[in-house]
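The values are calculated or read from the model by the stated rules, or taken from the named source; none is laboratory data. Everything numeric here is computed off the predicted structure, so don't read it as measured data. Cβ atoms come from the backbone with ideal geometry, glycine included; neighbour counts cover every protein chain shown.
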Amino acid sequence: MAAHRKSQDHGRPHRSLGALATSALLIFTSTAAGYNLDTSDTDSIKSVASSMAKDMLSFYNGNKPGGTPGLLPTPYYWWEAGAMLGSLVDYWYYTGDSQYNDLTSQGLLFQVGPYNDYMPPNQTLTEGNDDQGFWGLSVMTAAEYKFPNPPSGKPGWLALAQAVFNTQAARWEDADCAGGLRWQIFNWNNGFDYKNSISQACFFNLAARLLLYTGNATYGEWAVKTWDWMEHVKFIDENYYIYDGAHIESGCTDITPYQWTYNAGAFLLGAAAMYNYSALQNDANTEAMWKERVDGMLNGTAVFFTTNDRNIMTEVACEPVNLCDLDQQSFKAYLSRWMAATTKWAPWTSTTIMPLLNASAIAAAKQCTGGDNGQMCGLKWTTNGKWDGSTGVGQQMAAMEVTLANMITSVTAPVTNSTGGTSEGNPNAGGTDIGRTSPESTLKPIHTGDRVGAGILTALILAGVIAGVIYMFIDETVDATPKERFDGFVAAVNKNGKRLAKRNFGRDDEYGDGLGGMSEKGKQPRVQSFRVLDRSDSDRNSGSVSAGPEGFFAADRQRSGNSSENPFSSPADPEKATAAGAAEQPAHHSFFSPAHFRQQSTGINESSAEVGIAQQAHMSDPGRTTVIQYPPAAAPFPSNNAKGGAAAPAELNSEATQVPFQPTRSKKRNYIKRKLLHPKQ
C-alpha cells in the first residue's frame, strides 16, 4: 500500500504538468486563430467590431481624468483623433451601440476652436488643410447619419462642416500652380510650399457631400473646380491614379509619385455624391460624366488590392517594405469607410466593392492575435493570419472599419435636408478664420495709457541704473574723488581693450601671445586659448590644443585613474551613423513626406561628411588610449612630419612650454582692482 501510494504521488505531478501543457496549447491555439469573423452574420460583425472598438479606445485618454477630449496622446497627431472619432460615428451607425456616443460628441465639440471651424489655437504649429479637413468630414458624416445632435447652444454638425468648407475655400490660391490648396494652413509650417492631393481630396469630398445634403449649387461649383484642377496638374492621371502632390516653385510639376489609399477613397466617395446629385436633378449629361469618373476611380483602386486573388487591401506605397509611419498605418480605414459609403450613392458599384471588402475584412480579423489580450490588430492583412507585431490606433481603426463595412447593405442610406436630415447648419460659419493663414494675435491693442505706463517704467529703470553707477564710484575709504575714480575707470578700460584687441587680431601667420591669428577657413578668429597643455582635465573639457593636421583632440588622454574608457562614442561605421541619425527623425510623414522626397542638395557636403566620419572613427579608436601615470605623462602632439616621424613630447615642444605668466584668479582680481582705483600707479 505504501509503495502504491508512493507511485500515485509520483504520478500526480506528471498528470498536472500534462494538463497545464494541454491548457496552454488550447489557449495559444485559440489566441493565434484571431477573430472568427462571419461577414454574412450581422451579429458576428457586431461582436468583432465591438471588441476592436474597445481595443482602439485603449489608446485614448481624452475621456479620463487629466485627459483632453478629442486628443490622442503623443506621438499621434491631432488630425487622427478627428478621424478616430469619425470611426466611432460609423460604429454607432452600423451597430446601434451608443456606449461611445457621449465620448464622441465631447471630443468633436471640444476641438472646434473659438470660431467653431476646427482651428483651435493650440494646433497652429501642426495643423494643415488636410488635418482640418478630416475633422470636417467626421462631422459631415455625423450629419448624414443623424448622429445625436449637439446640446443646445453648441454648433450643429452641419454648421461645423460648413465652417471648415468656408475657411478652406477662402484659401484656394490661383497665384501658384493656377489653383489648389496648399498643404499647410500657416505660412511658417514646413510644407507651406507644397500642394498635396489629400488636402484637395478632403475639400472635394466635403464640397460634394454638402452639395448633396443642402442642394446649394455653390458647393458643387467648388467640387467641379477642384476635380478639374487635379486633372490639370496631373495629380489625377488618365488611369485615375492619384499622386501625392508637388511643390509650387516647380509650378506643381515635380510630382511626388506615391499613391495612398485615402486619396483614392476620398475622391471615389466625392464622385459618387456628385453622381447621385446629378441623377436627382435629371441632368443626364452630368450624370454620365460623374458615373464615368466613379468607375474610373473604382478601377484605379485596384492597385491597392494584392495577393494572388488581388482582393486584400494593402497600403502599397509603404506596407510591403515596412516603412509605414504612424499616420499611414490608419489610411486603409478611410478607403474601407468610403468604398462602403459609395455603394449607397452609386449602387452599381456594390458588385465590385463588396467582394473586396469581404475578403479584406476576413483577412484583417484573422491576424488580430497580438498584444497582451491576444486580439490586437496589426497593419498587414496579407500575412495569412500572422500578426505583424504592430499595434496602434490606426491598425485598430482600419480593421474595425473594414469589418463594419460588410454591414452596409443592412443600414439606411445617408440623409439630406430633404430626406430627414435634422442637423442645424450655418452657410456663413467660419468667422474671422475665413482665409486666415497666420495665427490670430493674443496681444491686446496698445493704447495711450499703455504707452504712458511703459514710459514711466523705463524712466524708473534708467534712474535705478544711473544711481547704481554713481554709487559704485563713491567709496569713503579712498581719497580719490568720484570724478578721478571715473576717469581712472575709463582709462583702464581703454588700455585693456587695446591689449585684448591686439591679442585677438594679431598677425595671421603667428599665434601671438594667446588667441591671435585668423583661421584658414573663412578667416575667422581662432577659437584657442593659451597654447598650454592643461594637465588637470581631459582634452574635451579644457582649453588645451593639439596642434596638428588632424585638428583638436587628436591625442586621446584619460583624466585620472586606471580607466581606459573611450571618451568618444560617435559611430565609426558610416552606415551606422546614418541609421542613427535617421532614427531621430519625427514620425509624421517621415519617410514618404514631401520634405523627405525633396532632399535639399545644399544640406550636407559629401566630402565633408566623409571627413567628419573619418575623424569620428579616428577619435573613437579604442586603441588610442594611454597608460595613466601619476603625475600624468604628457600626451604627444600628432606628428607634423610628412614622413610620419614621431612627435616630440609636450615637455620638449618649445612652443607649448613657453607659457606666459598667468596670475591666479585672486591675484588677477587684486591687480585689476589696483588698476581701477589707482590708474597712475
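Criterion applied to Asn311, Asn322 was being in contact with a helix residue (DSSP H, G or I) (Cβ under 6 Å, 6 or more places away or on another chain) and surrounded by fewer than 24 Cβ atoms within 10 Å (Cβ to Cβ), and the one residue passing it is Asn311.
Per-residue answers, yes or no, for (1) small (Gly, Ala, Ser); (2) in contact with a strand residue (DSSP E or B) (Cβ under 8 Å, 6 or more places away or on another chain):
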{"position": "Asn282", "(1), (2)": "no, no"}
{"position": "Asn311", "(1), (2)": "no, yes"}
{"position": "Ala333", "(1), (2)": "yes, no"}
{"position": "Ser350", "(1), (2)": "yes, no"}
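Within the bounds of segment 63-77, is there any residue that is more than 18 Å from Asp325 (Cβ to Cβ), in the same structural domain as Leu158 (by TED's automatic domain parsing), buried (at least 20 other Cβ atoms within 10 Å of the Cβ) and touching a residue at least 60 places away in the same chain (Cβ under 8 Å)? The answer is no, given that none of the residues of segment 63-77 is more than 18 Å from Asp325 (Cβ to Cβ), in the same structural domain as Leu158 (by TED's automatic domain parsing), buried (at least 20 other Cβ atoms within 10 Å of the Cβ) and touching a residue at least 60 places away in the same chain (Cβ under 8 Å).
Candidates Gly215, Gly251, Gly220, Gly245: the one that is out of contact with any His (no Cβ under 6 Å at 6 or more places or on another chain), crowded, with 24+ Cβ neighbours inside 10 Å and small (Gly, Ala, Ser) is Gly245.
Each row is one residue, and each column tells you yes or no for (1) polar (S, T, N, Q); (2) surrounded by 24 or more Cβ atoms within 10 Å (Cβ to Cβ).
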position	(1), (2)
Asn101	yes, no
Thr104	yes, yes
Val164	no, yes
Asp174	no, no
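Sub-7 Å Cβ pairs linking a first residue in segment 242-268 that is within 22 Å of Asp176 (Cβ to Cβ) and in the same structural domain as Gln184 (by TED's automatic domain parsing) to a second residue that is assigned to a helix (DSSP H, G or I) and of a type in the set (Val, Ile, Thr), at least 6 apart or interchain, are Asn263/Ile198, ordered by first then second residue. Among the residues of segment 246-288, those identified as over 20 Å from Lys332 (Cα atoms) and part of a loop (DSSP other than H, G, I, E, B) are Gly251, Cys252, Thr253, Asp254, Ile255, Gln281, Asn282, Asp283. Every listed requirement among (1) under 19 Å from Leu335 (Cα atoms); (2) assigned to a helix (DSSP H, G or I) is met by Ala223 save one, (1). Taking segment 81-99 as the range and being farther than 16 Å from Ala143 by Cα and crowded, with 22+ Cβ neighbours inside 10 Å as the test, the residues that pass are Ala81, Met84. Evaluate segment 223-230: report whether one residue or more is under 14 Å from Ala264 (Cα atoms) and modelled with pLDDT of 95 or more. Yes, there is a match, as at least one residue in segment 223-230 is under 14 Å from Ala264 (Cα atoms) and modelled with pLDDT of 95 or more.
Among the residues of segment 69-79, is any over 19 Å from the mean Cα position of the chain (by Cα) and modelled with pLDDT of 95 or more?
Yes; the residues of segment 69-79 include at least one that is over 19 Å from the mean Cα position of the chain (by Cα) and modelled with pLDDT of 95 or more.
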